[in-house]
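A.B. asks: One structure follows; several queries about it will come next.
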Amino acid sequence: MDLNAGFVQQRDMRLFLLFAAIVGFGVVIFGVGSAVQDPVVARYAVEMPGLERPLRIVQLSDSHASRIDMPPERLRRVVAMMNALHPDMIVLTGDYLSGNPDNWSALEKRAAMSVFAGLKAPLGVFAVLGNHDGSPAQTRAALAGTGVRLLAGERIDVGPVQIVGADDLLRGNASVEGMRRAIRTAPAGKPVLVLAHEPDFFQWLQARRVLMIAGHTHGGQISLPFLGGLSVSPYLDKRLRGLFQENGQVMVVSSGLGTSILPMRIGVPPEIVEIIIR
């Protein structure tokens with residue numbers, strides 16, 4: 001073997017590995033920086049019969065409290081941004097904690113969610129469970145004193161609209177038939193909003209037209225050029241983020257604010273959502 005050729009090959013391999021390491025480090029720095037930037041505002045307009053006047057709803061999903069990328073001071077800035085949109089109603093669509101909720105003490109959960117006490121909307125602030133939040137009882141205890149109303153398989157009347165809150169599909173006691181019954185028996189003449197963490201519920205809606213508001217997907221969280229985003233599931237990969245109209249039903253899916261598994265976002269900025277219903 002030519003010693004010079006072998007030396008050149010080794011040198012080229014070292015240079016390639018160094019280049020790959022630099023690129024990889026750069027991607028990580030960019031991804032972490034993108035994850036902690038202030039959220040963009042994604043705006044949607046939806047037509048729903050039965051409203052006397054337009055209704056402005058602001059949604060926050062997947063805040064994932066964490067010491068790494070979602071400390072209380074960052075979430076307080078986001079709360080101020082939401083209030084500055086002057087919403088009639090605020091909805092929170094789950095995953096308020098990071099990781100396994102069983103690893104959070106009751107005191108830690110309460111501290112993480114106490115920031116939501118700063119949310120202000122004349123028609124109220126309503127929440128549903130995500131798969132990182134624990135039981136309804138634990139989450140209600142954590143939200144106590146914040147003014148946030150948790151709905152887990154319930155329907156309530158909120159002035160101009162009816163709200164159906166689905167329980168979490170992955171960790172809760174979600175009943176698809178219970179959700180359908182809550183929609184079906186809602187008084188006629190008022191729009192129905194369905195709050196759900198997972199957009200999967202959209203496929204089980206029936207004839208009555210509703211607006212479903214969901215999160216969970218993180219929009220894929222990481223979407224690389226030429227490679228696309230991370231896969232969530234065959235159904236959700238086609239409904240990662242945005243406004244969807246299928247079979248006469250309407251759904252808005254937020255890519256959310258926080259992160260899961262990796263504290264990085266690439267190509268999918270954190271967001272809050274503003275929905276104008278007319």
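A.B. asks: Above 24 angstrom, tally the Cα pairs of the chain and express them as a % of all pairs, no decimals. Kindly include the intermediate steps, with their values, before the conclusion.
C.D. replies: Working: 19334 of 38503 pairs.
Of all Cα-Cα pairs in the chain, 50 percent lie more than 24 Å apart.
A.B. asks: Please report, in debye to the nearest 20, how large the charge dipole of the range 202-278 is about its Cα centre when each Lys and Arg carries +1 at its beta carbon and each Asp and Glu carries -1 there.
C.D. replies: Details: 7 positive and 4 negative charges, 40 e Å.
Dipole size: approximately 200 debye.
A.B. asks: Is the range 144-193 best put as rounded, prolate or oblate by its Cα gyration tensor, with a ≥ b ≥ c the root eigenvalues, rounded for a/c under 1.5, and otherwise prolate when a/b is larger than b/c, oblate when not? List each step's numbers first, then the result.
C.D. replies: On the way: a/c = 3.21, a/b = 1.12, b/c = 2.86.
Because a/c hits 1.5 or more and a/b fails to exceed b/c, the range 144-193 counts as oblate.
A.B. asks: Using 5 Å bins from zero, what percent of all Cα-Cα pairs in the range 108-230 falls into each bin?
C.D. replies: The percentages, shortest bin first, are 2, 10, 19, 20, 19, 14, 9, 5, 2, 0.
A.B. asks: Oh, and also: Under 20 Å from a point 7 Å along the Cα-to-Cβ line of ALA188: which residues of the range 249-273 have their amide N that close?
C.D. replies: Residues passing the 20 Å test: 249.
A.B. asks: What do you get for the angle between helix 72-84 and the principal long axis of the chain? Use alpha-carbon atoms, 0 to 90 degrees, nearest ten.
C.D. replies: With rounding to tens, the tilt is 50 degrees.
A.B. asks: Now, a different point. Can you compute the modelled spin-label distance between PHE244 and ALA207, with each label point 7 Å from Cα toward Cβ, in nm?
C.D. replies: Once both label points are built, they end up 2.4 nm from each other.
A.B. asks: Find, among the trypsin sites (Lys or Arg not before Pro) in the range 54-103, those assigned to loop by DSSP (not H, G, I, E, B) with at most 13 other beta-carbon atoms within 10 angstrom.
C.D. replies: Working: sites: ARG56, ARG67, ARG74, ARG76, ARG77; in loops: ARG67.
Within the range 54-103, the qualifying trypsin sites (Lys or Arg not before Pro) (loop, at most 13 other Cβ atoms within 10 Å) are ARG67.
A.B. asks: With a cut-off of at most 15 other beta carbons within 10 Å, and DSSP calling the residue loop, which trypsin sites (Lys or Arg not before Pro) in the range 98-137 qualify? Please list them. Before the final figure, lay out each step's value.
C.D. replies: Details: sites: LYS109, ARG110, LYS120; in loops: LYS120.
Passing both the DSSP loop test and the Cβ count: LYS120.
A.B. asks: From the alpha carbon gyration tensor of the range 19-159, can you work out the equivalent ellipsoid semi-axes (sqrt of 5 times each eigenvalue) and give them in Å, largest to smallest?
C.D. replies: They are 29, 21, 13 Å, listed from largest to smallest.
A.B. asks: Once label points are set 7 Å from the Cα along Cα→Cβ at both ALA106 and VAL41, what is their separation, rounded to one decimal in nm?
C.D. replies: 3.9
A.B. asks: Sequence-distant or interchain residues sharing an amide H contact under 5 Å with GLY130, placed H: which?
C.D. replies: So GLY130 has HN proximity to ASP95, TYR96.
A.B. asks: Per DSSP H run of at least 4 residues, take -39500 (n - 2.57); add these up for the chain, divide by its residues and hand me the 222 nm value, nearest 500 deg cm²/dmol.
C.D. replies: On the way: 5 runs with 71 residues, N = 278.
My calculation for the chain gives -8500 deg cm²/dmol from helical runs alone.
A.B. asks: May I pose another question? Please give me, ordered by residue number, the chymotrypsin sites (Phe, Trp or Tyr not before Pro) of the range 169-240 that lie in loop per DSSP and have at most 11 other Cβ atoms within 10 Å. Each step should come with its number before you reach the end.
C.D. replies: Values: sites: PHE201, PHE202, TRP204, PHE226, TYR235; in loops: PHE226, TYR235.
When the chymotrypsin sites (Phe, Trp or Tyr not before Pro) of the range 169-240 are filtered for loop state and at most 11 Cβ neighbours within 10 Å, PHE226 remain.
A.B. asks: Tell me, what is the per residue accessible area of the chain in Å², probe radius 1.4 Å? Intermediate results must be reported in sequence, preceding the final value.
C.D. replies: Details: 13120 Å² over 278 residues.
Ligands and nucleic acids excluded, the figure is 47 Å² per residue.
A.B. asks: Which of rounded, prolate or oblate describes the range 119-176 when judged by the alpha-carbon gyration tensor and an a/c cut-off of 1.5? List each step's numbers first, then the result.
C.D. replies: Values: a/c = 2.63, a/b = 1.29, b/c = 2.05.
In terms of gyration-tensor shape, oblate.
A.B. asks: Percent antiparallel among DSSP beta bridges with both residues in the chain, to the nearest 5?
C.D. replies: Working: 18 of 48 bridges.
Around 40 percent antiparallel, to the nearest 5.
A.B. asks: Measure off, as a whole percent, the carbon and sulfur share of the 1.4 Å-probe accessible area of the range 85-192, all protein chains present.
C.D. replies: Numbers: 2360 of 4400 Å².
Carbon and sulfur atoms account for 54 percent of the accessible area of the range 85-192.
A.B. asks: Leaving out same-chain residues fewer than 8 places away, which lysines sit with a Cα under 28 Å from that of LYS120?
C.D. replies: LYS109, LYS190
A.B. asks: Students often get this wrong: which residues of the range 145-159 have the backbone nitrogen under 13 Å from the point 7 angstrom along Cα-to-C-beta of LYS120?
C.D. replies: Counting backbone N atoms under 13 Å from the label point, the list is empty.
A.B. asks: Out of all DSSP beta bridges in the range 41-170, what portion is antiparallel? Express it as a percent rounded to 5. Walk me through the numbers before you get to the answer.
C.D. replies: Numbers: 6 of 17 bridges.
Bridges in the range 41-170 that DSSP calls antiparallel: roughly 35 percent.
A.B. asks: Something else now. At a Förster distance of 30 Å, what's the computed FRET efficiency of ALA80 paired with ILE261, Cβ-Cβ distance as r, to 0.05? Mind showing how you got there, number by number?
C.D. replies: Values: r = 28 Å, r/R0 = 0.93.
So the FRET efficiency works out to roughly 0.60.
A.B. asks: Report, by chain and number, residues whose modeled amide H sits under 5 Å from the one on VAL210, excluding near sequence neighbours (fewer than 5 apart, same chain).
C.D. replies: VAL250
A.B. asks: Let me ask something else. Let me check I have the definition right: for the range 164-265, take the eigenvalues of the Cα gyration tensor, multiply each by 5, take square roots. What are those semi-axes in whole Å, largest first?
C.D. replies: Details: eigenvalues 151, 41, 24 Å².
Values for the range 164-265, descending: 28, 14, 11 Å.
The values are calculated or read from the model by the stated rules, or taken from the named source; none is laboratory data. Note that the structure is a prediction, hence the values are computed from the model and not measured. Here the Cβ is made from the backbone with ideal geometry for all residues, glycine too, and neighbour counts use every protein chain on show. Remember, those area values only see protein heavy atoms, side chains included, never the ligands or the DNA or RNA. Shrake-Rupley method; radii C 1.70, N 1.55, O 1.52, S 1.80 Å.
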